[in-house]
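One structure is given below, encoded as structure tokens.
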Amino acid sequence: MKPKISDIFIGSWACIFIIILYTPFFIMLILSFQSPEGTPTFPMKGISLFWYKKLFGISLSLKEIAQAADEGTALGNYWGPMLRSIGLGIMTMCFSTVMGALSALAFRKPFKASGFIFYLFLLGIITPGVSVGLGLAMFFQKMGIDHNWYSTGLIGHLIWTTPFTFLIMLMTFSRFDTTVEEAASVLGASPWTTFRTVTFPIILPGIAVSALFGFTLSFDEFIRTIFLGGSENTLPLLLLASLTVRVTPRLYALGTVTTIFSIIIVISSLVFLTRRQKEI
């Protein structure tokens, strides 16, 4: 059977999209192995692990130190900001997933002002991040609340991520077969037992996807963080500061490491969801 022209067109478009999407990552990956005297552009002046050694704090030889065109030590430590970004992402993931799931659970049955509350949730996505960040920053300043990544920054991130987790859980519940809950109730299960043994296992894939969205959206959030994060930089803020000073292949090494870290999270989630689906 010959493939249709429409199938060929769609397949070609998908291949072009994937190439455009992932080509920058492969260029960054290649340039991250630049030699100590190399620059952030082609042509490469050699291949080495020098910039990964600098990134992970591995001791360097005197020759490597002498050859390196380094950006100095003022912005040298990426690990503090990276750990802050990971910690903020985990907190945002937990809170936004719980709030999104509980909110979607409430929308399973119609109630007064449900439409108004639904669009109120969407304001977190529609409203520009600059407006949200600046408005909250001025509000907290008037209230005398210090800006910190783990308090005011967390609130800004939750306003951004919770609508996404809410929508994901709404879609999860829209495909939910309520007859299984009714069967559990008929057999004498309490509401809590029904939720724990029937509802929760079924909606667990949706919760996992919500958690993944919450973490990734928070991990690379920049606009709201710059207004609400306080004096301690997260990783996106430090990367911007590094770009304004001097770009070296160490940024490529950092980008490669964080991208691989994200890919590992996504693949782990897919493996978990696939196994869970087979069990159900």
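The values are calculated or read from the model by the stated rules, or taken from the named source; none is laboratory data. The structure presented is a predicted model; accordingly, all values stated were derived computationally and were not measured. Please note: Cβ atoms are built from the backbone with ideal geometry, for glycine as well, and neighbour counts cover all protein chains shown.
Where helices (runs of 4 or more DSSP H) fall entirely within the range 150-214, those with at least 1 residues that are in contact (Cβ under 8 Å) with a residue 12 or more places away in the chain, of a type outside the set (D, E, K, R) and closer than 19 Å to ILE86 by Cβ are at 152-174.
When the range 36-61 is limited to residues that are polar (S, T, N, Q) and within 16 Å of THR256 (Cα to Cα), the one that is modelled with the lowest pLDDT turns out to be THR41. Inspect the range 111-123 for any residue being under 30 Å from PHE195 (Cα atoms), assigned by TED's automatic domain parsing to the domain that holds ASP220 and charged (D, E, K, R) and give the result as yes or no. Looking through the range 111-123, at least one residue is under 30 Å from PHE195 (Cα atoms), assigned by TED's automatic domain parsing to the domain that holds ASP220 and charged (D, E, K, R). Considering only residues in the range 1-40 that are polar (S, T, N, Q) and exposed (fewer than 11 other Cβ atoms within 10 Å of the Cβ), the one that is farthest from SER242 (Cα to Cα) turns out to be SER6.
Rundown of residues vs (1) exposed (fewer than 13 other Cβ atoms within 10 Å of the Cβ); (2) modelled with pLDDT of 85 or more; (3) more than 25 Å from LEU240 (Cα to Cα), yes/no style:
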{"position": "LYS63", "(1), (2), (3)": "yes, no, yes"}
{"position": "GLU71", "(1), (2), (3)": "no, no, no"}
{"position": "ALA74", "(1), (2), (3)": "yes, no, no"}
{"position": "ARG84", "(1), (2), (3)": "no, yes, no"}
{"position": "GLY89", "(1), (2), (3)": "no, yes, no"}
{"position": "THR92", "(1), (2), (3)": "no, yes, no"}
{"position": "LEU120", "(1), (2), (3)": "yes, yes, yes"}
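Taking THR216, is it polar (S, T, N, Q), in contact with a Ser or Thr (Cβ under 6 Å, 6 or more places away or on another chain), surrounded by 15 or more Cβ atoms within 10 Å (Cβ to Cβ) and modelled with pLDDT of 85 or more? When the stated conditions are applied, THR216 does not pass them.
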